[in-house]
């Protein structure tokens, strides 16, 4: 596996993977600290493309002033070994200076779908996500790109960006969401899970349990407001310090719903335990994912 750290090396390496324009390339963007969820994305990518390019970049533009940019785990050598073992052809691992030169002045903002949920709790976060992903798409020019559905709002924002900017590589229809990979107790895999103490890690499993209980109630006709209030109470009682949001939303637009309709819906929750913020989402009403 080749590791590129400059744009020139990356461009030459991508060109070598696609001689005379042939060869299908998949991109798996990450911030490193890889776990089984990331590796699942790589495996899916290998099934659908001739070559897999992964990126590792801890993007400062998506971290707020009081968030964990400095503490976010960085383990490039270990991550590279895992990617190579999974058959990744190329790793794009730029520095902050390479990604954002001193002359960089552009911001990509996707209105509407980014406004609520994590967008409300983390102002500017999704501008940073959209900006760096747009750059990654232009740098690698993949035929397909794969993202985990655990960050469901992020996936919706990236698809909206690709649609609105008429991106060709990848086209919006080639941005693939992969179902959330979970631990044995149901907790969604996340690089931030390593922040949890053993006690907090045990308490964190209450989040997916409470969500599944809420979904069962919603699909049986329970009132949405009462069900979401009970979910929040259950999560706090289990040891979470607070719940940022618990929302039933349309799966496509992420518009909050006050009642289940005929179309697919999503239950999205974010909560804080200790100093760690965890997010999760699950399909409701028979929707897929």
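Taking residues in segment 168-182 that are in contact (Cβ under 8 Å) with a residue 60 or more places away in the chain, and partners anywhere that are surrounded by fewer than 18 Cβ atoms within 10 Å (Cβ to Cβ) and not in a loop (DSSP other than H, G, I, E, B), the pairs with Cβ atoms closer than 6 Å and at least 6 places apart or on different chains are 181/36.
A single member of 225, 210, 130 is surrounded by 18 or more Cβ atoms within 10 Å (Cβ to Cβ), in contact (Cβ under 8 Å) with a residue 24 or more places away in the chain and either assigned by TED's automatic domain parsing to the domain that holds residue 255 or assigned to a loop (DSSP other than H, G, I, E, B) (or both), and it is 210. Out of everything in segment 228-255 that is in a strand (DSSP E or B) and surrounded by fewer than 16 Cβ atoms within 10 Å (Cβ to Cβ), what residue ends up being modelled with the highest pLDDT? Ranking the qualifying residues of segment 228-255, first place goes to 242. Based on what the data block shows, is residue 42 modelled with pLDDT of 95 or more, closer than 17 Å to residue 91 by Cα and either assigned to a strand (DSSP E or B) or not assigned by TED's automatic domain parsing to the domain that holds residue 154 (or both)? So residue 42 does not fit the description; no.
Mind checking which residues of segment 45-70 are touching a strand residue (DSSP E or B) at 6+ places or on another chain (Cβ under 7 Å), assigned to a helix (DSSP H, G or I) and farther than 15 Å from residue 91 by Cα? 48 - this is the single residue of segment 45-70 that is touching a strand residue (DSSP E or B) at 6+ places or on another chain (Cβ under 7 Å), assigned to a helix (DSSP H, G or I) and farther than 15 Å from residue 91 by Cα. Once segment 44-56 is narrowed to residues that are in contact (Cβ under 8 Å) with a residue 60 or more places away in the chain and in contact with a helix residue (DSSP H, G or I) (Cβ under 6 Å, 6 or more places away or on another chain), the residue that is nearest to residue 128 (Cα to Cα) is 55.
So, residue 4, is that one closer than 15 Å to residue 88 by Cα and touching a helix residue (DSSP H, G or I) at 6+ places or on another chain (Cβ under 9 Å) or not? Before you say what the answer is, go through the steps one by one.
Working: closer than 15 Å to residue 88 by Cα: yes; touching a helix residue (DSSP H, G or I) at 6+ places or on another chain (Cβ under 9 Å): yes.
Spelling it out, residue 4 is indeed closer than 15 Å to residue 88 by Cα and touching a helix residue (DSSP H, G or I) at 6+ places or on another chain (Cβ under 9 Å).
What do you reckon, is residue 146 within 22 Å of residue 252 (Cβ to Cβ) and either assigned by TED's automatic domain parsing to the domain that holds residue 277 or touching a residue at least 60 places away in the same chain (Cβ under 8 Å) (or both)? Step through it out loud before you land on a result.
Values: within 22 Å of residue 252 (Cβ to Cβ): yes; either assigned by TED's automatic domain parsing to the domain that holds residue 277 or touching a residue at least 60 places away in the same chain (Cβ under 8 Å) (or both): yes.
Considered against the rule, which asks whether it is within 22 Å of residue 252 (Cβ to Cβ) and either assigned by TED's automatic domain parsing to the domain that holds residue 277 or touching a residue at least 60 places away in the same chain (Cβ under 8 Å) (or both), residue 146 comes out as yes.
Please specify each residue of segment 85-109 satisfying the condition of being surrounded by 15 or more Cβ atoms within 10 Å (Cβ to Cβ) and in a helix (DSSP H, G or I).
We begin by selecting, within segment 85-109, every residue surrounded by 15 or more Cβ atoms within 10 Å (Cβ to Cβ); these are 86, 88-94, 98-100, 108.
Selection gives 98, 99.
If the condition is being without any contact (Cβ under 8 Å) to a residue 60 or more places away in the chain and part of a helix (DSSP H, G or I), then segment 12-37 contributes 12, 15, 16, 19, 20, 21.
Picking from residues in segment 72-97 that are touching a residue at least 60 places away in the same chain (Cβ under 8 Å) and out of contact with any strand residue (DSSP E or B) (no Cβ under 6 Å at 6 or more places or on another chain), the one that is nearest to residue 4 (Cα to Cα) is 94. Checking 177, 124, 186 one by one, the residue that is in contact with a helix residue (DSSP H, G or I) (Cβ under 7 Å, 6 or more places away or on another chain) and over 19 Å from residue 25 (Cα atoms) is 186 and no other.
The values are calculated or read from the model by the stated rules, or taken from the named source; none is laboratory data. All figures in this text were calculated on a predicted structure; none of them were measured in a lab. Neighbour counts run over all protein chains shown; Cβ positions are idealised from the backbone, glycine included.
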